[in-house]
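Visitor: Please read through the structure below; I'll follow up with questions.
The values are calculated or read from the model by the stated rules, or taken from the named source; none is laboratory data. Computed from a predicted model, the values in this text were never measured in an experiment. Glycine gets a Cβ as well: all are built from the backbone with ideal geometry, and neighbour counts include every protein chain shown. The area values use the complete protein model at the heavy-atom level, side chains included, leaving out ligands, DNA and RNA. Shrake-Rupley method; radii C 1.70, N 1.55, O 1.52, S 1.80 Å.
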Amino acid sequence: MKNIRAEPIYLSPPHLGGTEADYVGEAFRDNWIAPVGPHIKSFEEEMAAYCGIKRAVALSSGTAAIHLALHVLGIGKGDRVYCSTLTFVASANPILYQQAEPVFIDSDSKTWNMSPEVLERALKFDAARGKLPKACIVVNLYGQSADMKPIIQLCRKYGVYIIEDAAESLGAVYQSSFSGTLGDIGVFSFNGNKIITTSGGGMLVTERTDWADQAVYLATQAKEAAEHYEHTQYGYNYRMSNISAGIGRGQLRVLNRRVNEKRTVYQRYAESGLPFSYMPEASYGKATRWLTAALLPENVLPVPFIQKLRGERIEARRVWKPLHMQPLFKHADSFLHESSIAEKLFHRGICLPSGTAMTASIQQEVISIMEEYFQQSNPQEAVVF
Ligand SMILES: Cc1ncc(COP(=O)(O)O)c(C=O)c1O
């Protein structure tokens, strides 16, 4: 196929809504070029209202939000923290920052998210040997919520806090609640590849005013209320800037539109007849399809497939390598299915270009290039677990 495109096709590039520059212009005009200013408060209030939660705290990244969540919940040296294994390393790095002990939990084949069945087994086992975790980081992968009801029931039963890593699932719904609002603390990311972006940033959300206030305090170097600089504990420089918050306010206005566009991108792939087996959408909610993720047919390997697309200046990525397989976590405990689902998803999984500004004709070009590749490799049936 003749390539007439001027630009590469990225996995999930930023997509501005049109009003961001107005908010940023306001910040410039009023000289609020700092990690304080009116956009921060407004962005927090608008996010809290959107999600239907009491408090939202704007931070410099999603990773910072996970770190502060652990800190606020009192997770420290030697505490065990469960975490979904199929995720980006940023979900678990903050466990290490706190010198706590990560423990990884396998995926469920129906949702690709944390398996409630494996979680139950882990909690029973750890309860019996007196090694229960203090918290569980539940990741909502690729725009889909984990099955939170059984997960919450289990964690309540064993007295374990839930941190919902909703970095990838802003705008997704679980039953009648927004993803990210079901745990004790929820976390969003506004990194450049997310469904909405502030160029870089994150948000911590919670119903607990004291936790939100504590997060703000820790994010601003733990300054005590005094006329001089008084500190009783160490803090961090984790606050979002007023300029980033201005971008976020503009982006939030188009979030619902972006969710529909992401779902349309997925729909076009699904209707194309390509021999993929897509990440299933669970009946308990509505996924955003932040990334269209799928499994390749048995005889098509992810690496040559990605390389072929790269040769056409199209970006695709493998599904996350499970954290229990990472050298970084080689000493960590993990609880897996007899044959790990997360490992299978990693070996066969692929994330397809999912930009919301991608037109139908550009996406058709992507699909045609993939069709050509599959014709040459004579694919077998898509993999289904
Ligand atoms: C699942 C998950 N958790 C956490 C993060 C960290 O967010 P940030 O890049 O804003 O630090 C990301 C993305 O970057 C992510 O995909």
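Visitor: State the extension gain, in nm to one decimal, for the chain segment bounded by residue 220 and residue 347, taking 0.36 nm per residue of separation less the distance between their alpha-carbons.
Guide: 41.5 nm
Visitor: At a threshold of 8 angstrom on Cα-Cα distance, excluding pairs fewer than six apart, so keeping six or more, what relative contact order does segment 103-218 reach in percent?
Guide: This gives 17 percent for segment 103-218.
Visitor: Quick one: work out the % antiparallel among DSSP beta bridges in the chain, nearest 5.
Guide: So the antiparallel bridges amount to about 55 percent of the total.
Visitor: Go ahead and collect, in residue order, the members of segment 169-208 whose backbone nitrogen is under 12 Å from a label point 7 Å along the Cα-Cβ direction of residue 253.
Guide: none
Visitor: So, one more: As a test of the formula, what do you get for the chain when each DSSP H run with n ≥ 4 contributes -39,500 (n - 2.57) and the sum is divided by the residue count, at 222 nm and rounded to the nearest 500 deg cm²/dmol?
Guide: Details: 12 runs with 137 residues, N = 385.
Rounded to the nearest 500, it is -11000 deg cm²/dmol.
Visitor: In a shell of Cβ-Cβ distance under 11 Å around residue 337, excluding residue 337 itself, what net charge do Lys and Arg (+1) and Asp and Glu (-1) give?
Guide: So the surrounding residues net to -3.
Visitor: Do me a favour and compute the ellipsoid semi-axes for segment 255-377 from its Cα gyration tensor, root of five times each eigenvalue, largest one first, whole Å.
Guide: Value: 26, 19, 13 Å, ordered largest first.
Visitor: Under a Cβ-Cβ cut-off of 13 Å, what is the net charge of the residues other than residue 308 that fall near it, where Lys and Arg count +1 and Asp and Glu count -1?
Guide: Around residue 308, the charge tally is -2.
Visitor: Rounded if a/c is under 1.5, else prolate if a/b is larger than b/c, else oblate: which is the chain, with a ≥ b ≥ c the root eigenvalues of its Cα gyration tensor? Display every interim value, and only then the final one.
Guide: Numbers: a/c = 2.08, a/b = 1.21, b/c = 1.72.
Note, shape of the chain comes out oblate.
Visitor: Right, here's the next one. Per 0.36 nm of contour for each residue apart, how much would the distance between residue 378 and residue 281 grow if the chain were fully extended, relative to their Cα-Cα spacing?
Guide: 32.2 nm
Visitor: Now for a different question. What percent do you get for the relative contact order of segment 260-385 when only Cα pairs under 8 Å and 6+ apart count? Mind dumping the intermediate values first?
Guide: On the way: 149 pairs, mean separation 49.4, N = 126.
In percent, rounded to a whole number, it is 39.
Visitor: Could you sort 346, 305 by accessible area so the largest value comes first, with the probe set to 1.4 Å?
Guide: 346, 305
Visitor: While we're looking at this one, here's another question. Return the whole-Å distance between the Cα centroid of segment 207-251 and the Cα centroid of segment 4-39.
Guide: So the separation of the two Cα centres works out to 22 Å.
Visitor: If I ignore ligands, DNA and RNA and count only protein heavy atoms, how much of residue 333 is accessible to a 1.4 Å probe, in Å² to the nearest 10?
Guide: Looks like 50 Å² after rounding.
Visitor: Still on this model: Expressed in nm to one decimal, what extension gain is obtained for the pair residue 50 and residue 125 from 0.36 nm per residue of sequence separation less their Cα-Cα distance?
Guide: The residue 50-residue 125 span can extend by a further 23.1 nm.
Visitor: Keeping the other protein chains in place, figure out the carbon and sulfur percent of the accessible area of the chain, with a 1.4 Å probe.
Guide: On the way: 8320 of 16300 Å².
Carbon and sulfur atoms account for 51 percent of the accessible area of the chain.
Visitor: Holding the Cα-Cα limit at 26 Å, pick out from 110/194; 149/223; 77/286 the pairs that are longer than that. Don't skip to the answer; put the middle values down first.
Guide: Numbers: 110/194 23 Å; 149/223 38 Å; 77/286 37 Å.
Pairs exceeding 26 Å: 149/223; 77/286.
Visitor: Rg and Dmax of segment 147-256 over Cα atoms: what are they, in angstrom?
Guide: Calculated on Cα positions, Rg and Dmax stand at 16.2, 49 Å.
Visitor: Something else about it: Rounded to the nearest 5, what is the percent of antiparallel bridges among the DSSP beta bridges in segment 147-210? Could you put the intermediate results ahead of the total?
Guide: Working: 6 of 9 bridges.
Bridges in segment 147-210 are about 65 percent antiparallel.
Visitor: What percent do you get for the relative contact order of the chain when only Cα pairs under 8 Å and 6+ apart count? Display every interim value, and only then the final one.
Guide: Numbers: 838 pairs, mean separation 92.3, N = 385.
Worked out over the chain, it gives 24 percent.
Visitor: Quick one: putting +1 on the C-beta of Lys and Arg, -1 on the C-beta of Asp and Glu, what dipole do you get for segment 255-377 around its Cα centre, in Debye to the nearest 20?
Guide: On the way: 16 positive and 12 negative charges, 89 e Å.
With only Lys, Arg, Asp and Glu charged at Cβ, the dipole is about 420 debye.
Visitor: What are the ³J(HN,Hα) values, in whole Hz, obtained from phi via the Karplus relation 6.51 cos²θ - 1.76 cosθ + 1.60 with θ = phi - 60°, for each residue of segment 12-18 in sequence order, with x given for Gly and Pro?
Guide: Running phi through 6.51 cos²θ - 1.76 cosθ + 1.60 with θ = phi - 60° gives 7, x, x, 9, 6, x, x Hz.
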